[in-house]
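Peer 1: Starting off with a structure, shown below.
The values are calculated or read from the model by the stated rules, or taken from the named source; none is laboratory data. The structure presented is a predicted model; accordingly, all values stated were derived computationally and were not measured. Every residue, glycine as well, gets a Cβ built from its backbone with ideal geometry; the counts of neighbours run over all protein chains shown. Just so you know, the surface numbers come from the protein's heavy atoms only, side chains and all, with ligands and any DNA or RNA stripped out. Shrake-Rupley method; radii C 1.70, N 1.55, O 1.52, S 1.80 Å.
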Amino acid sequence: MSKNSNGTTGPSDPFKVLRISRREFTVHFRQPTDMAGRYGFDYPRDADRYPMEKVTEPTTGKRTPKALFRGNISNFKDIYLKDAMYSPLLHKYNYLPAWLAIFPYATNSVYRGGSSMHKDGVKLDIELQQLIGDTSKLTANKYTKLEFVSSNSSKLIVSPSSISIKDFISQGYKNTIVDKANKKTRKDYILKRAILVKGVKNKPLSKHESIAVYAISANSKDLVGELMVHKNSQTYKVDLILVPTKTSTGINKKALESIEWYLKYKAFNQALIRAEIKTTEPFDLNKFDTDTHIKSYIKHAKTNSHTPETVSDGIMRAYDKYGLGKHRDQHGNTLSINQRGHKKTYIFLLDFDVKDLYGKAPADFSTGQFATGNVALVLKSGLDDYETLVHEVAHSLGVPHVFEPNLANQYKFYQGFSDKVMDYKWQTGIAPSNPNKLVSFTKYQWYLMQKDPSVYKL
């Protein structure tokens, strides 16, 4: 580490010029909306930091604009700044970088944890943001272009290498209201799918790399932004067993065929986890209706009189007794399907509904303490919405709701505003429904899933 020209300690700037006081704007990488979930992408959303959304106060019922992040803001910043290369140098602008995670494109002889999923790279939007409150007109008089520089061009390619400022100006801008109460706005210029970021074949990233962004003027190159690209020389795998469970009509075959694609290419790939359907094990409870408990379970299923507790307890008890999977730990002890100690995750697809329940991931209390289990259940109505499926499987992989205290309450958000998988589709209090599709995992959630006992390294 060395002293930078602005007096801070950090990695050396390859251009040796960091005129922090001269910036007119910052530059940010964003994921195109229709590509959400196709790769890991996490960034500090405006509404998480600025009072842009009205939330309902539980005590008064009053709706007031607030930032959605509810914890210590320094913890929020750490999500993005930890291990970042150049972003700390832009601290004056409260700059936080986006993080991208893509699988390495590698042959088995080089690294068996590779994948062709991202072999062509990913195209990202570029957002040029004038400073909050700056109402001046963006011109190309001072800065003429942006330049993009990979920290390791032998492993990580970015193209094009530069974009003209005039390209942004020609697209026009949108006004983003970052503070509704005080009417603070920001001008944003956006170029869609403007930058390609691509890994080099057979060269996984052994450490986090960076795409630095410089604003170019006649006599300077000034740092204005950064994309962090997560290391990918270590990837992961989770083995999933689909259990379509029949009490009455069974599960539509077409629904089964597309589940694996969604889990593999729109969900856990974000965390560099390969979600593999190892097998599909149909479970027809009618074959065991001489069993008193199962007979009662089927009766409740057909009359929609199950409770959230009985729906999970009943199915796990039945599968432990009659299912194909028998589980043992490393010492040979028999385990329940939902106990930690075995490496498979079971997804039960049920052909009935329970009031106010779309899915459930029952906890493992076998040791007397709470632990996430190995089971996710999706009710019939939930099968029409793969967001529910991913949400419940993620619970079984150790990820709590974004609005619940977790990790010493570092990461807690108001409910029902984001596109995060572990959010809800409704807000608390008198409020509209969440308008977003719930498709994104955040960076800290990548790590929670990677550490789950049923996820293993490749």
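Peer 1: Please report the carbon-and-sulfur percent of the accessible area for the chain; probe 1.4 Å, protein heavy atoms only, DNA, RNA and ligands left out.
Peer 2: C and S fraction of accessible area: 50 percent.
Peer 1: On a straight-distance basis, which aspartates and glutamates could pair with LYS221 in a cross-link, Cα separation under 15 angstrom, same-chain partners fewer than 8 positions away excluded?
Peer 2: LYS221 reaches ASP13, GLU24, GLU147.
Peer 1: Taking the 0 to 90 degree range and rounding to the nearest ten, how far is the long axis of helix 292-302 tilted relative to the main principal axis of the chain, both from C-alpha atoms?
Peer 2: With rounding to tens, the tilt is 50 degrees.
Peer 1: Along each of the three principal axes of the Cα atoms of the chain, give the extent in whole Å, ordering the values from largest to smallest.
Peer 2: Sorted from largest, the Cα extents of the chain read 84, 61, 40 Å.
Peer 1: Hey, what number do you get for the chain at 222 nm if only DSSP H runs of n ≥ 4 count, each worth -39500 (n - 2.57), divided across all residues, to the nearest 500?
Peer 2: About -5000 deg cm²/dmol.
Peer 1: Please compute one quarter of the surface area of the Cα convex hull for region 209-339 and express it in square nanometres.
Peer 2: 13.9 nm²
Peer 1: Putting +1 on Lys and Arg Cβ atoms and -1 on Asp and Glu Cβ atoms, find which of LEU227, PHE41, ALA215 reaches farthest to the positive end of the dipole of the chain.
Peer 2: Farthest towards the positive end: ALA215.
Peer 1: Also: In debye to the nearest 20, how big a dipole does region 311-457 give about its Cα centre with +1 on each Lys and Arg Cβ and -1 on each Asp and Glu Cβ?
Peer 2: 500 debye
Peer 1: Provide Rg over Rh for region 312-458; use the alpha carbon set for both Rg and the Kirkwood Rh (inverse mean inverse pair distance).
Peer 2: 0.98
Peer 1: With a bin width of 10 angstrom, please list the P(r) values of region 69-195 as percents of all Cα-Cα pairs, from the 0 bin to the one holding the largest distance.
Peer 2: The percentages, shortest bin first, are 10, 29, 35, 20, 6, 1.
Peer 1: So what's the net charge close to GLN171: Lys and Arg +1, Asp and Glu -1, counting the other residues with Cβ under 13 Å from its Cβ?
Peer 2: So the surrounding residues net to +1.
Peer 1: Something else now. Could you size up the charge dipole of the chain around its Cα centre, putting +1 on the beta carbon of Lys and Arg and -1 on that of Asp and Glu, and report it in debye to the nearest 20?
Peer 2: Using only the charged Cβ atoms, the result is roughly 1200 debye.
Peer 1: So, one more: Ignoring the sites themselves, what is the longest stretch of the chain with no chymotrypsin sites (Phe, Trp or Tyr not before Pro) in a DSSP loop and at most 13 other beta-carbon atoms within 10 Å?
Peer 2: Longest stretch, sites excluded: 1-364.
Peer 1: Okay, next question. Nothing charged except the Cβ atoms of Lys and Arg (+1) and of Asp and Glu (-1): what's the magnitude of the dipole of region 63-213 about its Cα centre? Round to the nearest 20 debye.
Peer 2: With Lys and Arg at +1 and Asp and Glu at -1, about 340 debye.
Peer 1: Given the Cα atoms of region 150-190, and with Rh set as the inverse mean 1/r over their pairs in the Kirkwood sense, what is Rg to Rh to two decimals?
Peer 2: Rg divided by Rh gives 1.24.
Peer 1: Continuing with the same structure: At 0.36 nm per residue, minus the direct Cα-Cα distance, what do LYS295 and SER248 gain on full extension? Give it in nm, one decimal, please.
Peer 2: 15.7 nm
Peer 1: Using only Cα atoms and rounding to the nearest 10 degrees, what angle (0 to 90) does helix 308-322 make with the longest principal axis of the chain?
Peer 2: Approximately 60 degrees, to the nearest ten.
Peer 1: So which lysines pass the test for LYS355, namely a Cα distance under 19 Å, with those fewer than 8 places away in the same chain ruled out?
Peer 2: LYS355 reaches LYS246, LYS299, LYS302, LYS380, LYS425.
Peer 1: State, in angstrom, two size descriptors of region 111-180 derived from its alpha carbons: Rg to one decimal place and Dmax to the nearest whole number.
Peer 2: 17.1, 53
Peer 1: Next question, about the same structure. PRE reach from THR144 (point 7 Å along Cα→Cβ): which of region 215-253 fall under 16 Å by backbone N?
Peer 2: Within reach of a label on THR144, which here means backbone N under 16 Å from a point 7 Å along Cα→Cβ, region 215-253 contributes 215-222.
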